[in-house]
Amino acid sequence: MYGYLGKILRVDLTAGRIWDEPINEEYARAFVGGSGLAARYICDVVDGETDPLGPENPLVFMTGPLVGTAMPSAGRCSVCALSPLTRIWGEANTGGFFGPELRFAGYDGIIITGRAERPVWLSIVRGQAELHDAANLWGLDSYATQEQVREALDEPKARVACIGPAGENQAKMAAVMNDHGRAAGRTGMGAVMGSKNLKAIGVRGMAPVPLADPEGFKSVVREIIADLGEDMVAASLQLAGTACYVDMGLMYGDMPIRYYQQGEWEGASNLSGVLMVEQYQNKNTACYRCPIACGRETRALRYGVEKVDGPEYETLAALGSLTMVDDLEAVIYAGHLCNLHGLDTISTGVTIALASEMFERGILTPADTGGLEIRYGDVQALHRLIEMMARREGFGNVLAEGSVALAERFGVPELAVTVNRLEVPMHDPRAFVGMAVAYALSPRGACHLQGDMYGVDTGQGPPIELGIVPGDRFEATEEKGRIAARQQAWRNLYNALILCHFQNPGVERLLAALNGVTGWGLEADGLMTLGKRIVTLKRLLNLRRGITRADDRLPDLLLKPLDSGGTEGTVPEVETLLAGAYAEYGWDPETGAPTRETLEELDLGFVADEFT
């Protein structure tokens, strides 16, 4: 198989058994890799009763055909399972070097089932896999764990994916960490890893990725890299990382403030990426073969930390403007604590902001929190709560269950700003109404990386050839809903290839690169078919898990207009937008389920009888 190593590593932790399995070529051709291929494998073995924290829930690390090749910005890996936070399809995507190194070690992916009797870690070195006792690693933070695994392997260049204390304690928003502070952050994949008593995976190898057309592939890669000099988005990311979006997001009203309830705040400008570069940045960092280098290494010397990975825009907003903290160094340190303990910064920040709102309204009191006062702008409380959540200490044990559980526990479910139990990211659908579709129909719950309409409507490299056309950000029409659905399908394809969303080479060159690697001979319209097939399969998994048409909605707070800022008092007309999206996908607008005709057209007939 060109573009694939041809092997999946299977690990049964209950039995302590490891074996190689040929990759299913039919699955790979239909679902490509990454979260798409992982969904196809998981579809075979989970049902509506599968416990996300039970041994029967598969934890899948999956690469894609572009990973580990010369394709720029393809150094990624998907981590997938049923989510303990949302109880539906869960996936997380991480950069760095772990994904390429897994390929070099000889495998396209790892499928892990069961639960070890005691903590273990897994090594994969040059095609040889082995389980090891992890008693000496259990309790270590994510940085110390990575270092210890490299030392144990005597491989200084080994790449390590691991959990910190948050994953060990099965905090529902626990991340899988790799390459220092890179994170497969969302949907609680670290909790799944912790439930299996799996502390870490260390990988090292030198196997090449077989290419169908090496010369043709090299040629298109040269063209892509040469054109980056004209890419203004890439230039901004090189200058200030994803934090470069802070000022733009504030202008559009896209950066949430005070738990999504305030349109403007002067203090938010103190979180600017330009200020971060000037005052706290050590250097740029890059993932495998990435010429953009949007990563940051910063410092928080006031807290005694000389090297901090990040923070990204989402972290600055979730732990900054959302909680009304405008002390940039304090936010940098809060992000560091999340990296150290292995927590998703988005869900962590949203949950703490919800607690602050509930405290302000008198719904929470010190009697509920063990004496803590949880108030907006309280830096010390922010830092303390992050550590308490990771260790499930005191009131942190309540917060570690996520926003929905917190709001339901105190009788105010309407205050949870989530979609399908996943906390909403730092892009406001009142600022870019197409995000209403991205959130409501995202397979993993609210997600800005399953259809970034803020990027489309600001002209950040959308594939116009596929009908993904920039427009008025407030245009709530069925056509806008269709465009949002196409962008969601496009990004699901990206998450299968796997390619970073900041790399936008255009349809023609992406197609040439994929065909050069795989030899598939795809046409441009085949790319959209692949994306829609992947989205639809994930939809079917969620229907199996109990999701209904009624769950395709936004939380109440995001449907209230703000009286100031860049949203101009607007709210998205969700039903109009969804009507267009359902039509684009071929899903029944009454039930939200794909029609039998759609399933047959997408070659998903193998599940047609179950859902039609």
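Counting neighbouring beta carbons within 10 Å and listing from fewest to most, the residues 172, 283, 307 come out as 283, 307, 172.
Cα centroids of segment 148-216 and segment 432-454: how far apart, whole angstrom? Distance between centres, Cα-based: 27 Å.
First check a/c for segment 53-127, with a ≥ b ≥ c the square roots of the eigenvalues of its C-alpha gyration tensor; if it is under 1.5, answer rounded, and if not, answer prolate when a/b is larger than b/c or oblate otherwise. Oblate.
In straight-distance terms, cross-link reach from residue 196 covers every one of the lysines whose alpha-carbon lies under 23 Å from its own, apart from those fewer than eight places away in the same chain; here that gives 7, 172. Sequence-ordered 3J(HN,Hα) estimates for segment 307-317 from the Karplus curve with 6.51, -1.76 and 1.60 and θ = phi - 60° stand at 9, 10, 7, x, x, 7, 4, 4, 5, 4, 6 Hz, glycine and proline given as x. A full extension of the chain between residue 477 and residue 596 corresponds to an added length of 40.2 nm, given 0.36 nm per residue minus the alpha carbon distance. Report summary: the helix-based calculation at 222 nm, which adds -39500 (n - 2.57) for every DSSP H run with n ≥ 4 and divides by the residues of the chain, gives -11000 deg cm²/dmol. Once backbone amide H atoms are built at 1.01 Å from N, residue 310 has 296, 297, 298 as its partners under 5 Å, excluding neighbours fewer than 5 places away on the same chain.
Under a Cβ-only charge scheme (Lys and Arg +1, Asp and Glu -1), can you give me the dipole magnitude of the chain about the Cα centre, in debye to the nearest 20? Before the final figure, lay out each step's value.
Details: 54 positive and 81 negative charges, 293 e Å.
Here the size comes out at about 1400 debye.
Electrostatic tally near residue 545: other residues with Cβ closer than 10 Å to its Cβ, Lys and Arg +1, Asp and Glu -1, net 0.
Find out how many positive minus negative residues lie around residue 609, taking Lys and Arg as positive, Asp and Glu as negative, among other residues whose Cβ is under 12 Å from that of residue 609. Numbers along the way, then the final one.
Values: positive: 596; negative: 600, 610.
Local net charge: -1.
For residue 560, a cut-off of 27 angstrom between C-alpha atoms picks up these lysines, skipping any fewer than 8 places away in its own chain: 480. Here the simple spin-label model places points 7 Å from the Cα toward Cβ, and for residue 206 and residue 21 these points are separated by 3.1 nm. Rounded, prolate or oblate: which fits segment 424-611, taking a ≥ b ≥ c as square roots of the Cα gyration tensor eigenvalues, rounded meaning a/c under 1.5, else prolate when a/b beats b/c? It comes out oblate by the Cα gyration axes. Sorted fewest first by neighbouring Cβ atoms within 10 angstrom, 395, 611, 97 come out as 611, 395, 97.
Sort 248, 193 by Cβ crowding within 10 Å, fewest neighbours at the top.
On the way: 248 16, 193 29.
Fewest-to-most Cβ neighbours within 10 Å comes out as 248, 193.
Shape class for the chain, computed from the alpha carbon gyration tensor (a ≥ b ≥ c): rounded, with a/c under 1.5.
Can you give the extra length, in nm with one decimal, that the chain gains between residue 525 and residue 239 once fully stretched, where that is 0.36 nm per residue apart less the Cα-Cα distance?
Details: separation 286, 0.36 × 286 = 102.96 nm, distance 3.50 nm.
Full extension of this stretch gives 99.5 nm more.
Let me have the relative contact order for the chain, percent, based on Cα pairs under 8 Å that are six or more residues apart. Spell out each step's value before the answer.
Details: 1503 pairs, mean separation 96.0, N = 612.
Dividing the mean separation by the residue count of the chain yields 16 percent.
Here the alpha carbons of segment 361-473 define both size measures, Rg and Dmax, at 18.1, 58 Å.
Every number here is computed from the coordinates shown, using simple stated rules; none is lab data. These numbers were taken from a predicted model, which means no experiment stands behind them. FYI the Cβ positions are ideal-geometry reconstructions off the backbone, even for glycines, and counts take in every protein chain you see.
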